[in-house]
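Below: one structure, written as structure tokens.
Quick note: the coordinates plus some simple rules give every number you see, no bench work behind them. The structure displayed is predicted, hence computed values, not measured ones. Counting neighbours? That spans all protein chains shown, and the Cβs are built from the backbone with ideal geometry, glycine included.
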Ligand code: NAI
């Protein structure tokens, strides 16, 4: 698929357009807001100039990418596309309206994709006459830099559309992880305990947030600690994802959101973007307690909950073991894949650690995934 259309020229749409044009496709960007289109055009020119300055591309390549990208103001202009990727506001009714209108304009073979993070692809596909042509293509922010793309076939999607889509995204030099159409797909589901278990440790008063961050970086090798990362993402965004995953999973206690984070959003302490979240960016940063014994206990608790979530995603066939591990290393820069990490720490250790937490709290969030228990019994390791 070489003629690409992107609907919505905000953060994600602009990044996706850059990826496709860089890979040799012709790209049309459409937005209802003329200013958003002009901003997107300016930002692409800026980004490419910086890449030229750094010697990453030459002037000819910059001109080629700019010439391959056009900015259009009607949906009708997208009629000759092979693939349309929608990256507009995260609202099901608005997306369904755009998809049903779009379908009347494009050819019968055009693949229609959504970059949604939280809506079901099946519900978007159901707005079309030919739902088998609809698929999820979920990029990560910033799209040109993050290697991972989750590809999500809906229950209606045809095998041919899935094949064409994975081929195209691989041709764009991205790592594809195919995920089942379930809340949070892979990354936004499997990553939840990084935040929620860290918040729980903090709420219990076991350690302060600076110490928890220090523990995850020092012992685990994570680039950012959970509290730094939540501050970076923005508590409004991060809290909403947690709440959406929690409600979408019929209130499974494993995904329960945290009051601590909710209060921050209510107070307007949204993180870096508002100058204050857990950390106050106008003050000196709090110092962690650099106690490696305490840090190891904190790390063990958070990592085993992450491993449990990854194992359960495998158990429920959300994705393959390889795709689950790739998703976390290439989508959110984890230092290791979680299933590979489980092998390294030992499956028996994981089961015992989870049972110890369950024994302590008697809360369902600490239930051990059946796949870990079975592998421990059979003395197996994950094939990643
Ligand atoms: P954004 O707010 O930066 O951009 C959305 C753009 O869509 C705006 O320019 C707006 O004018 C345009 N738009 C709204 N309604 C439209 C319509 N009916 N027709 C045409 N254009 C319309 O949003 P962002 O962050 O780029 O997100 C877009 C989508 O990507 C959402 O579904 C979001 O959930 C998803 N996503 C966002 C990520 C992020 O980190 N921001 C990561 C992965 C997915």
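Numerical summary
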read-out	value
Helical contribution to [θ] at 222 nm, DSSP H n ≥ 4, -39,500 (n - 2.57), averaged over the chain, rounded to 500	-15500 deg cm²/dmol
Using alpha-carbon coordinates, inclination of helix 159-171 to the longest axis of the chain, degrees	90 degrees
Rg and Dmax of segment 3-178, Cα atoms only, in Å	15.3, 48
Pairwise label distance in nanometres, residue 352 with residue 3, each label 7 Å out on the Cα-Cβ vector	6.3 nm
Relative contact order computed over segment 27-165 (Cα-Cα under 8 Å; 6+ residues apart), in percent	18 percent
C-alpha long axis of helix 235-248 to longest principal axis of the chain, angle in °	80 degrees
In degrees, nearest ten, helix 34-53 long axis to first principal axis of the chain (Cα)	70 degrees
Shape category assigned to segment 262-303 from the gyration tensor of Cα positions, a/c cut at 1.5	oblate
Sorted largest first, extent of segment 188-378 alpha carbons per principal axis (Å)	54, 37, 34
20 °C / 1.002 mPa s Stokes-Einstein diffusion coefficient of the chain, Kirkwood radius on C-alpha pairs, µm²/s	97 µm²/s
272, 254 arranged by Cβ crowding within 10 Å, fewest neighbours leading	272, 254
Pairwise centroid distance, computed over Cα atoms, of segment 239-264 with segment 113-173, Å	25 Å
Order of 89, 245, 19 under a 10 Å beta carbon neighbour criterion, fewest first	89, 245, 19
The chain: antiparallel DSSP beta bridges as a percent of all, rounded to 5	25 percent
Exposure proxy ranking, count of Cβ atoms within 10 Å, fewest first, for 30, 71, 195	71, 195, 30
